Amino acid sequence: MDETEIHDLADDADYAAASQQGSSIMSGNDTSNQNNPIDPENAETVYMKDHVTIHPSQYATVRISGRLKLIKQDSLLFMSWMPYTGQTSNARLSDRDKNLYTIRAVSFADIRSIRRHTPAIGWQYVIVVLSSGLAYPPLYFYNGGLREFIATIKQHVFIARSAEDANVFLVNNFQDPLQRILSSMELPRALSSSSFTDSPFSDNQERLEDGGSRHKRDISIQVLEKFSLVTRFARETTSQLFRENLFDDIGTNENKKNNQERPHEIASNEAPIPSDPFELDKTSLVWGKPRQPPLGHEEWATFLDSEGRVEDLNALKKRIFYGGVEHSIRKEIWPILLGYYAYDSTYIERQHFMAVKKSEYEIIRNQWQSISPEQAKRFSKFRDRKSLIEKDVVRTDRSHPFYEGDENPNVDLLHNILVTYSFYNFDLGYCQGMSDLLSPILFIMEDESESFWCFVSLMERLGPNFNRDQNGMHSQLFALSKLVELLDSPLHSYFKQKDCLNCFFCFRWILIQFKRQAKTFSYNTKEFEYDKLLRLWEVLWTHYPSEHLHLYMCIAILKRNRAKIMGEKMGFDTLLQYINELSGQIEVDGVLREAEALCVCAGENGVAAIPPGTPPSLPVEDESIYQHDDEVL
């Protein structure tokens, strides 16, 4: 494949794991590097390969190439990767940015496994997983050399193929405690259809789906296993920078007030709990502005000119952030928020656009509807995806009046849209969780074509969450861990002590955007609960004050429960169960206010903690290619 070819890595298993490494292993600050210095006089380079590449975003056009080495010193083997210097065509990444990805002499004594990926179409790459369960970004071998890389390692280090996956080479003999925990909990999985037929668990799929409780269905053993690949950001340097800039005027506060207002957080253990460096009640009073009534029809009209153009998109988004939208005008506003309609389009242009896109939708839908039974017999991927969709749609929001009852036509629409999307985006296909994201959109739009295109727009942001190795989830959970370190260092230290730094207990919150988490308050009605979800989603879609506000929401929820989590000394399995049991108990408006306060507190440090390309950021149109310079840093 031509190295300069423009290629989208969105279907690649681990591009987001590469994205999340933007500041993960800073030059000279990696712990393993400090513990394993190499004496150049006694070192021997046993393998060297140029133009081994890291992708800091989902596009192949955004790349950092470098030199990969295996270095032997005495009886130890080390691996290093050094980026090339020189001017890049991407203004967003300087040489200093590229240097953040440098791997300086990590010893194979600190490496747990190497995962090899050799797709039939595309580039080969490896993922090196450390003994801690964290990983370096994927290393792509554009010019070959992967086989020689593995063969050289075998000559100097004892490695063995994993019994579960022939593409995984185990460096250290270990038994993963996380896998033992997940297996004992018998959590059902949520597989991408692309790996459905190849999975050793596929024979048990129906039993797992039908036997478990609904709230556990979306969590995947396979997905959570892969979170051992979640990487870590720069350690001492970055955390020290954060500590030096943590708003001294806020100081350290006691938890007495929090415990009085939230009695369910009082820990039952007598051990002292480290104080919260950002007491939410105080910060929300300073920065978290009160929520407002939803945007109504008359006020909405003031944002439009006489032909229907939105005159000030930022002002509109800010207004929606603080109050949401009245239900009666969501059908008009949601397509604009999602980017399906251009904000500067007129009424007439939107009507014409709607007609054009409806015809396009019907063409795509007819592609799969015209498949004959004989064709389907020879089209296993279509059969598998369609079967998985059929199982999911009959269990999606069926308690809501819009979807309840037998032979509900809206359930059929849900099915048709999801199968059509699997043809529209055939590389991604369908994964469990997508039906949860589409259901509210169809409820609002009440039109098959319009719902489809709004869903397409949403998946432009969230699609990486559903790639076969859950790479978008890697990226977000990785960023979440670093934001916890920034905003609550005692809680971060606790998670580190309990081996929970990967934060994948927040997996479901992020995957389906807090669906089924909203608290119903005093109105015990399905419609009110659903309205809270709709309000939350339209607030998150504004990307105000941050496109990653959902990560700050996670932290706000964790802070509300930190006393109980730390006081009861919850480990991973207990914490995962406790987080899942919070379903339906999250007070949306209060958490949004606190999330805003945390976002403002984090400031530029918070922005720096989230690597470029982390979902739900929109794809960047960039056709530039990195130039390859032979000079090594």
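The values are calculated or read from the model by the stated rules, or taken from the named source; none is laboratory data. Keep in mind it's a predicted model, so treat the numbers as computed, not measured. Every residue, glycine among them, receives a Cβ derived from its backbone with ideal geometry; neighbour counts consider all protein chains shown. Keep in mind that these areas ignore ligands, DNA and RNA; they rest on the heavy atoms of the full protein, side chains included. Shrake-Rupley method; radii C 1.70, N 1.55, O 1.52, S 1.80 Å.
Key figures
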{"read-out": "Residue among SER435, SER457, SER451 that alone is in contact with a Leu (Cβ under 8 Å, 6 or more places away or on another chain), of a type in the set (Gly, Ala, Ser) and touching a residue at least 60 places away in the same chain (Cβ under 8 Å)", "value": "SER457"}
{"read-out": "Odd one out for HIS415, checked against (1) assigned to a loop (DSSP other than H, G, I, E, B); (2) open to solvent by less than 80 Å² (accessible area, probe 1.4 Å); (3) more than 17 Å from PHE426 (Cβ to Cβ); (4) not basic (Lys, Arg)", "value": "(1)"}
{"read-out": "Residue match in segment 399-410 (condition: part of a helix (DSSP H, G or I) and either surrounded by fewer than 20 Cβ atoms within 10 Å (Cβ to Cβ) or in contact (Cβ under 8 Å) with a residue 12 or more places away in the chain (or both))", "value": "yes"}
{"read-out": "Segment 458-497, subset aliphatic (A, V, I, L, M) and in contact with a His (Cβ under 8 Å, 6 or more places away or on another chain), residue modelled with the lowest pLDDT", "value": "ALA479"}
{"read-out": "Which listed residue, of LEU551, LEU501, LEU575, is crowded, with 17+ Cβ neighbours inside 10 Å and either under 14 Å from the mean Cα position of the chain (by Cα) or modelled with pLDDT of 95 or more (or both)", "value": "LEU551"}
{"read-out": "Residue within segment 263-272 that is more than 19 Å from GLY590 (Cα to Cα), surrounded by 15 or more Cβ atoms within 10 Å (Cβ to Cβ), modelled with pLDDT of 55 or more and among the hydrophobic types (A, V, I, L, M, F, W, C) present", "value": "no"}
{"read-out": "Odd one out for ARG395 among (1) touching a residue at least 40 places away in the same chain (Cβ under 8 Å); (2) in a helix (DSSP H, G or I); (3) out of contact with any Leu (no Cβ under 8 Å at 6 or more places or on another chain); (4) not aromatic (Phe, Trp, Tyr)", "value": "(2)"}
{"read-out": "Residue list for segment 465-481, restricted to those being assigned to a helix (DSSP H, G or I) and open to solvent by 10 Å² or more (accessible area, probe 1.4 Å)", "value": "SER481"}
{"read-out": "HIS543, sole failed condition from (1) modelled with pLDDT of 90 or more; (2) open to solvent by 20 Å² or more (accessible area, probe 1.4 Å); (3) in contact with a helix residue (DSSP H, G or I) (Cβ under 9 Å, 6 or more places away or on another chain); (4) farther than 26 Å from GLY339 by Cα", "value": "(4)"}
{"read-out": "Filter result for the condition that a residue is open to solvent by less than 30 Å² (accessible area, probe 1.4 Å) and of a type outside the set (Asp, Glu), over ILE364, ILE371", "value": "ILE364"}
{"read-out": "Strands (runs of 3 or more DSSP E) contained in segment 109-166 and holding at least 1 residues of a type in the set (S, T, N, Q) and either closer than 14 Å to LEU68 by Cβ or in contact (Cβ under 8 Å) with a residue 12 or more places away in the chain (or both)", "value": "111-117, 124-130"}
{"read-out": "Near pairs, Cβ below 7 angstrom, 6+ apart or cross-chain, from segment 589-611 (under 18 Å from GLU538 (Cβ atoms) and open to solvent by less than 30 Å² (accessible area, probe 1.4 Å)) to any residue that is of a type in the set (Phe, Trp, Tyr) and assigned to a helix (DSSP H, G or I)", "value": "ALA595/TYR552; CYS599/TYR552"}
{"read-out": "Odd one out for PHE353, checked against (1) more than 28 Å from the chain's Cα centre (by Cα); (2) surrounded by 14 or more Cβ atoms within 10 Å (Cβ to Cβ); (3) under 22 Å from SER435 (Cα atoms)", "value": "(3)"}
